[in-house]
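Notes follow the structure.
The values are calculated or read from the model by the stated rules, or taken from the named source; none is laboratory data. Values in this document were obtained by computation on a predicted structure and should not be read as measured data. Here Cβ is always computed from backbone atoms with ideal geometry, including for glycine, and neighbour counts include all displayed protein chains.
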Amino acid sequence: MESQVKAIQHLIDEGALFVINHSGGKDSQAMTVIVRTLVPDDQLLVVHAELGDVEWDGCEELIRKTTAGLPLIVCKSVTDFWTMVDRRRMFPSPSNRQCTSDLKRGPIEREVRRYLKANPQFNGLIVNCMGLRAEESSSRAKLETLKVSARNSKAGRNWYEWLPIHDMSETTVFATIAQAGQEAHWVYAAGMRRKSCAFCIMACDSDLKRAAELRPKLYARYVAKERELGFTLSMSRRSLPEITGIAA
Ligand code: SF4
């Protein structure tokens, strides 16, 4: 841990650009609070991938409000969730998260490469910060918290991946947001445990049920798509109405 603190300080001293991947969720928000205590504002960039109607309202507004003073890029994929599903003739799966790679990671990385090129003061040095936490799943618990991204590094560009709040508990995440005088996205108070796509392929049953109550029109669209494709959104192979008990 001490060596990681030193490595991060070294990257700050070297003048690296720290990119905050912000979904509008609590983890991104707490991560932003923590990173801002370590990294000077002029070495920070916030990026957000806008997902259209599958997202919750208010993400961009919350990000703008809580990252005031920092440059923000909102990017969008050339395709959207529904087009992607129609092409695949099935929903993405946790083992093949095309939704994440095509709708979030790809557009964000493209914008970051552009920003780095337009801002030579960072000498091609980048630290990509993500709010993944060990507590969320056993696979996330095993992730390295600081590593070189071989995929994104090349001659003249050194790209690191950093998970600044990997060991933070959910309770501490909310406490960090509150201590910063901020409020988390409204969906948590509305009963959602996670704020991802309203109907995420990896959501728990209770989040799917609550999302169906909060977004009935969008829910109906997912249910209709399940019927059309003959595939369920959930990997449990139970249809949305079976999971939620709500007929569309
Ligand atoms: S939140 Fe869930 S459904 Fe949305 S892009 Fe991420 S993994 Fe896919």
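Structure notes:
- Looking at ALA134, ALA150, just one residue is exposed (fewer than 15 other Cβ atoms within 10 Å of the Cβ) and assigned by TED's automatic domain parsing to the domain that holds ILE34, and that residue is ALA150.
- Filter pass, TRP162 being at pLDDT 95 or above and farther than 23 Å from ALA16 by Cβ: no
- Only one entry in ARG110, ARG64, ARG87 is under 19 Å from SER149 (Cβ atoms), assigned to a helix (DSSP H, G or I) and free of Cβ contacts under 8 Å to residues at least 40 places away in the same chain, namely ARG110.
- Listed conditions (1) within 14 Å of the ligand (Cβ to nearest atom); (2) outside the structural domain of LYS6 (by TED's automatic domain parsing); (3) of a type in the set (Asp, Glu) are all met by GLU228, apart from (1).
- Exactly one residue out of VAL47, VAL33, VAL78, VAL19 is of a type outside the set (Ser, Thr, Tyr), assigned by TED's automatic domain parsing to the domain that holds PRO120 and part of a loop (DSSP other than H, G, I, E, B): that is VAL78.
This table checks each residue for (1) surrounded by 21 or more Cβ atoms within 10 Å (Cβ to Cβ); (2) hydrophobic (A, V, I, L, M, F, W, C); (3) more than 22 Å from ALA178 (Cα to Cα); (4) in the same structural domain as TYR219 (by TED's automatic domain parsing).
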position: ILE12; (1), (2), (3), (4): no, yes, yes, no
position: GLY15; (1), (2), (3), (4): no, no, yes, no
position: SER23; (1), (2), (3), (4): yes, no, no, no
position: GLY58; (1), (2), (3), (4): no, no, no, no
position: LYS65; (1), (2), (3), (4): no, no, no, no
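- Only listed residue being over 16 Å from the mean Cα position of the chain (by Cα) and either within 12 Å of the ligand (Cβ to nearest atom) or buried (at least 20 other Cβ atoms within 10 Å of the Cβ) (or both), chosen from SER28, SER77, SER101, SER93: SER93
- Selection status of GLU60, under 21 Å from GLN29 (Cα atoms), acidic (Asp, Glu) and touching a His at 6+ places or on another chain (Cβ under 9 Å): yes
- Among the candidates ALA141, ALA175, ALA190, residue that is away from the ligand (no atom under 15 Å from the Cβ), surrounded by 13 or more Cβ atoms within 10 Å (Cβ to Cβ), free of Cβ contacts under 8 Å to residues at least 24 places away in the same chain and closer than 25 Å to THR67 by Cβ: ALA175
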